[in-house]
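Have a look at the structure below before the remarks.
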Amino acid sequence: MTAILRTENLGVEYRSRELKQGAKVALKALNLSVQPGEVYGFLGPNGAGKTTTMNVLLGYVNPTRGAAYLFDVDVREPIARQRIGYLPELTYYYKFLTAEELLRFYARIFEIPKSETERRIDELLKLVELEHARKRPIRTYSKGMQQRAGLAQALINNPDLLLLDEPTSGLDPLGRMKVREIIQRLKSEGKTVFFSSHELGEVETICDRVAILHQGELKVEGRVSDLIQQYQCNLEQVFLKVIGYKPQLS
Amino acid sequence: MNKIFAVAGVVIKELYRRKDFYVLFILTVLITLLMASINFFQDIHVIRFVKEGCLFLILLAALAIAVTTTARQMPSERENRTIFPLLAKPISRWQVLLGKFVGCWAASGIALAVFYLFFAVMAASREHTLPLGAYIQVLWLHWQMLGVVIALTLLGSVVLSFAANLTIVFIVSLGILLVAGHLHKVASGMTEPSASILTVLYFIIPHLEFFDMRDLIIHDWAGTDLPSWLDVFSATFYGLCYMAFFLLAAGLVFRRKALN
Amino acid sequence: MVRARFILILLLAVCFSLAAWLQPRRQERLNQGVQTGSVLATLLGDGRQMAADYFNVRADIYFHSGYYPSVFDQAREEEEKDSDVSHPEETNAPLEAGFRGPPQDWIDGFSRHFRPDRHTHLRGEAVAEILPWMRLSADLDPHRVQTFIVASYFLRDYLGKANDARDFLRAGLMANPNSPELRYELGRVYFENLKDFPHARNVWLGALRSWDEVEAPKPLKTDSGEGERDIHLHSRILDSLADEELTVGRTNEAIAYFKQSKADSPFPARVQKRIDNLEAALHHAGSQTNPPPH
């Protein structure tokens, strides 16, 4: 089966502005492969390269070496993003637009027909429980409401691949539960979910496979159950072992 | 094109949801009405003075709206990080840039039309004539001028901060309007290499005075000495060339810019 | 406690003295401001003379319906005038000849399609369009006498607003009480438009007195041409007085004025001819000579 998301020796270097410092290597020869229909967790400590990987997949940053593909299309082509949905960690949407206008705008970018657009807007606003606030500008929304609006925009094109960056960050327990439910629902519909998170408990619950990144390198990749069995501990401890964390003895 | 118009639609919505346009329009109306109400001598009705004041205010207000709206686009997208969910959609950076340009130009055009409608009503109420052809020409050319300025501002917005871009574009635009047409006269009185530099500058800068028909409207040349439609279309083509050049430059810079 | 009271009394005394010293200076400053009390004058401060110059130029631009040399064109004309001293008459009235000349390049040529490109003057009631600028200029610099004179000329001759012309000249005289030109113009309004001959005569006699005070002490010729005695104005005032005398039938007084005017007139032969004609007419009519008016 062809991977829905694939990186081949992906490398990214940032040139430092300081004269004495050389290039900073953010990613070293990363090889990832996400199969259709799976929920894939992308883990790593801060500065591991998760955000850089996301930036390359979304076309914000060009790779220095190697390549990345979505649906077998190079990520540098805009069409590669036709069938994906992206939910950023922090909500970045036009504050002067209403949720309804925002969804309509993004639907137009996806060239979804008007009748279909209206139907999806109604459906999504109901799903994320923003029907009552659909005509209000986003600047009047609470953080949770903005996050839910973000989830709606990530689903507007009925994506086959969902990229989520810390999807439960800043949400209350109820909000987190709703996000988990949505991810599981998407999985049951055959969608693929690729998300980065620091909430290892959540990852352990919902992910089929995980990859752990550290200092730009892929340290381990595999099914959650296989890793737990291999390391004989829970996912958090697997994570700590893989990144080489040694607890200080008191 | 649909994607470009989608981005343009958001820009237009932003303009009419901000206060800028309404404040400037009300100020223009109030100052014009104040000028019209001044009685210099009893029973002497003057209109050119009022027309000049109104057109000058329209020039400044339209420039302010166009430049601030445009200068704000890319820096705001970066600072508010709205560029990220936008570029995560199947839209290229060229399309985003063109969408911003079309949106800013259309928004400025709508604002300009409202200003000129007020001007036409005010002038017609005093002169009891409505030289429609002349007003259409002056509106069209003014809109082309704004297009050139907007394209220049967009180029600035992908390299400069909002404040720096705003300042530079205002100074350059007003400077061009005031002196660009006279640079060759100044150059003829200078020594080399200044004369050559000024001459080159004279030929390469966009001559915004081609789009400034205010004197013809103020001094009632509408009935006799209007530019031909061929001249208007030639000026339009001239403006479109500069718009294309600035947008191309902006696109080449923007497509290479890292967004993180 | 005693020391604190002493300090307080001392402070009060200092404040009172300061106030007493400042008050007359403030009053004097306010009185100066009364003469040019418009909002624009207050805002512009000493820059108001520059603004008045600018508004005068705007009036001229309006008179020529926007066809006017820019500062760059004027600078070039000055350079050409300085370098071409052998033919000064060719550089006179560049506006009349068309200051732009042939287009220097395609940009220059194309831009002319979008600006006024013919030399015209406003006519009839359209001249009123220049008046707002003249009014503003006069408000900002009321000591610029020419503004009042030109505006009143257009008011009375083009627009038929003799009363407005009179009032405007009077306003000019308030700021320039000793101006012989303003008095002369005011006399013309009374004489030519309002047909108030006695009033015109009084005003012109006042103009003569002002001329004696202001112009007579000046040298006849100066090196730069500035500050010279305006003998032509003197001649015009005397000619006008003579015309007034003729209108009311006092020919001898008219002849006396013409004789005084001849010395300063740029056309003495013409004046002499008028004197000769009047004397001939008197001789034929057998009328008595009157003593000179003053």
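The values are calculated or read from the model by the stated rules, or taken from the named source; none is laboratory data. All figures in this text were calculated on a predicted structure; none of them were measured in a lab. Note that we place each Cβ from the backbone using ideal geometry, even for glycine, and neighbour counts take in every protein chain shown.
Just to be sure, is A:Leu70 more than 9 Å from chain B (Cβ to nearest Cβ) and out of contact with any strand residue (DSSP E or B) (no Cβ under 8 Å at 6 or more places or on another chain)? Let's see the steps before the verdict.
Working: more than 9 Å from chain B (Cβ to nearest Cβ): yes; out of contact with any strand residue (DSSP E or B) (no Cβ under 8 Å at 6 or more places or on another chain): no.
No: the conditions fail for A:Leu70.
Among the residues of region A:81-92, which ones are surrounded by 20 or more Cβ atoms within 10 Å (Cβ to Cβ) and under 13 Å from A:Leu163 (Cα atoms)? Write out each step before concluding.
Quick first cut of region A:81-92, residues surrounded by 20 or more Cβ atoms within 10 Å (Cβ to Cβ) only: A:81, A:84-88, A:91.
Correct list: A:Arg81, A:Ile84, A:Gly85, A:Tyr86, A:Leu87, A:Pro88.
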TODO: Among the numbered conditions (1) over 17 Å from the mean Cα position of the chain (by Cα); (2) closer than 28 Å to B:Thr224 by Cα; (3) free of Cβ contacts under 8 Å to residues at least 12 places away in the same chain, tell me where B:Gly133 comes up short.
DONE: (3)
Open item on the list: Checking the condition of a type in the set (Val, Ile, Thr) and crowded, with 19+ Cβ neighbours inside 10 Å, which residue from C:Val214, C:Val189 passes?
Closed with: C:Val189
- [ ] Only residues that are within 19 Å of B:Ala36 (Cβ to Cβ) and touching a Lys or Arg at 6+ places or on another chain (Cβ under 6 Å): list them for region C:129-161, please.
- [x] C:Glu129, C:Trp133
Open item on the list: Tell me which strands (runs of 3 or more DSSP E) are completely within region A:180-250 and hold 2 or more residues being in contact with a strand residue (DSSP E or B) (Cβ under 7 Å, 6 or more places away or on another chain) and charged (D, E, K, R), or say none if there are none.
Closed with: A:217-223
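Looking only at region C:152-163, which residues are at the interface with another protein chain (Cβ under 9 Å from one of its Cβ atoms) and over 21 Å from C:His121 (Cβ atoms)? It would help to see each step written out before you state the result.
Of region C:152-163, the ones at the interface with another protein chain (Cβ under 9 Å from one of its Cβ atoms) are C:155, C:159, C:161, C:163.
Answer for region C:152-163, where residues must be at the interface with another protein chain (Cβ under 9 Å from one of its Cβ atoms) and over 21 Å from C:His121 (Cβ atoms): just C:Asn163.
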- [ ] Among the residues of region C:147-180, write down those that are surrounded by 24 or more Cβ atoms within 10 Å (Cβ to Cβ) and farther than 21 Å from C:Ala216 by Cα.
- [x] C:Thr147, C:Phe148, C:Ala151, C:Ser152, C:Leu155, C:Ala165, C:Phe168, C:Leu169, C:Gly172
Task: Criterion violated by B:Leu230 - all others in (1) within 9 Å of another protein chain (Cβ to nearest Cβ); (2) out of contact with any Leu (no Cβ under 8 Å at 6 or more places or on another chain); (3) within 16 Å of C:His113 (Cα to Cα) satisfied - done: (1)
Task: Of all residues making up region A:100-113, the number that are within 11 Å of chain B (Cβ to nearest Cβ) and outside any loop (DSSP other than H, G, I, E, B) - done: 8
Open item on the list: Yes or no: region A:36-46 includes at least one residue that is away from chain B (no Cβ under 12 Å) and polar (S, T, N, Q).
Closed with: yes
TODO: Would you be able to tell me the number of residues in region B:205-260 that are within 18 Å of B:Ser92 (Cβ to Cβ), assigned to a helix (DSSP H, G or I) and among the charged types (D, E, K, R)?
DONE: 2
Open item on the list: Taking the conditions exactly as written (more than 12 Å from chain B (Cβ to nearest Cβ), modelled with pLDDT under 95 and closer than 27 Å to B:Arg17 by Cα), does A:Arg148 satisfy them or not?
Closed with: yes
- [ ] Answer yes or no: is there a residue in region A:48-60 that is modelled with pLDDT of 90 or more, in a strand (DSSP E or B) and out of contact with any Asp or Glu (no Cβ under 7 Å at 6 or more places or on another chain).
- [x] no
- [ ] Considering each of B:Ser173, B:Ser188, B:Ser157 in turn, give the residue that is of a type in the set (Ser, Thr, Tyr), facing chain C (nearest Cβ under 10 Å) and either under 20 Å from C:Gln74 (Cβ atoms) or buried (at least 20 other Cβ atoms within 10 Å of the Cβ) (or both).
- [x] B:Ser188
Task: Subset of region B:80-108 [closer than 23 Å to B:Val232 by Cβ and surrounded by 21 or more Cβ atoms within 10 Å (Cβ to Cβ)] - done: B:Phe101, B:Cys104, B:Trp105, B:Ala107, B:Ser108
Task: Unique residue being under 30 Å from B:Val232 (Cα atoms) and modelled with pLDDT under 70 when the list is C:Gly33, C:Gly98 - done: C:Gly98
Open item on the list: Checking the structure you have, find out if any residue of region B:27-38 is without any contact (Cβ under 8 Å) to a residue 12 or more places away in the chain and either under 18 Å from the mean Cα position of the chain (by Cα) or surrounded by 14 or more Cβ atoms within 10 Å (Cβ to Cβ) (or both).
Closed with: no
- [ ] Would you please name the residue that is farthest from C:Phe154 (Cα to Cα), looking only at residues in region B:44-96 that are of a type in the set (A, V, I, L, M, F, W, C) and within 13 Å of chain A (Cβ to nearest Cβ)?
- [x] B:Ala88
Open item on the list: Out of everything in region C:61-72 that is more than 7 Å from every other protein chain (Cβ to nearest Cβ) and without any contact (Cβ under 8 Å) to a residue 60 or more places away in the chain, what residue ends up being surrounded by the most Cβ atoms within 10 Å (Cβ to Cβ)?
Closed with: C:Tyr67
Task: Which numbered condition A:Leu125 misses (of (1) within 23 Å of A:Glu189 (Cα to Cα); (2) not in a helix (DSSP H, G or I)) - done: (2)
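For the condition among the basic types (Lys, Arg), surrounded by 24 or more Cβ atoms within 10 Å (Cβ to Cβ) and under 12 Å from the mean Cα position of the chain (by Cα), what is the one hit in C:Arg183, C:Arg144? Don't jump to the end; show me each part of the working.
Numbers: C:Arg144 fails: surrounded by 24 or more Cβ atoms within 10 Å (Cβ to Cβ).
Only one candidate passes the filter, namely C:Arg183.
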Open item on the list: I need a count of the residues in region B:14-43 that are within 7 Å of another protein chain (Cβ to nearest Cβ) and either modelled with pLDDT of 90 or more or over 18 Å from C:Arg58 (Cβ atoms) (or both).
Closed with: 3
Task: Test result for B:Phe101, out of contact with any His (no Cβ under 6 Å at 6 or more places or on another chain) and farther than 20 Å from B:Leu248 by Cα - done: no
Open item on the list: I'm told B:Met1 meets every condition in (1) among the hydrophobic types (A, V, I, L, M, F, W, C); (2) farther than 30 Å from C:Phe63 by Cα; (3) surrounded by 18 or more Cβ atoms within 10 Å (Cβ to Cβ); (4) at pLDDT below 90 except one. Can you identify the failing condition by its number?
Closed with: (3)
Task: B:Phe5 vs. criteria over 15 Å from the mean Cα position of the chain (by Cα) and within 14 Å of chain A (Cβ to nearest Cβ) - done: yes
- [ ] Please specify each residue of region B:49-105 satisfying the condition of being in contact (Cβ under 8 Å) with a residue 40 or more places away in the chain and of a type in the set (Asp, Glu).
- [x] B:Glu52
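Return yes when A:Glu101 is closer than 26 Å to A:Ala80 by Cα, touching a helix residue (DSSP H, G or I) at 6+ places or on another chain (Cβ under 8 Å) and acidic (Asp, Glu) and no when it is not.
Working: closer than 26 Å to A:Ala80 by Cα: yes; touching a helix residue (DSSP H, G or I) at 6+ places or on another chain (Cβ under 8 Å): yes; acidic (Asp, Glu): yes.
The answer is yes for A:Glu101.
Considering A:Arg65, A:Arg83, which residue is within 14 Å of chain B (Cβ to nearest Cβ) and among the basic types (Lys, Arg)? It would help to see each step written out before you state the result.
Details: A:Arg65 fails: within 14 Å of chain B (Cβ to nearest Cβ).
After ruling out the rest, the residue left standing is A:Arg83.
Can you tell me which residue among A:Ser169, A:Ser115, A:Ser142 is surrounded by fewer than 20 Cβ atoms within 10 Å (Cβ to Cβ) and in contact with a His (Cβ under 9 Å, 6 or more places away or on another chain)? Spell out how you get there, then give the answer.
Values: A:Ser115 fails: in contact with a His (Cβ under 9 Å, 6 or more places away or on another chain); A:Ser142 fails: in contact with a His (Cβ under 9 Å, 6 or more places away or on another chain).
Selected residue: A:Ser169, the only one of A:Ser169, A:Ser115, A:Ser142 that is surrounded by fewer than 20 Cβ atoms within 10 Å (Cβ to Cβ) and in contact with a His (Cβ under 9 Å, 6 or more places away or on another chain).
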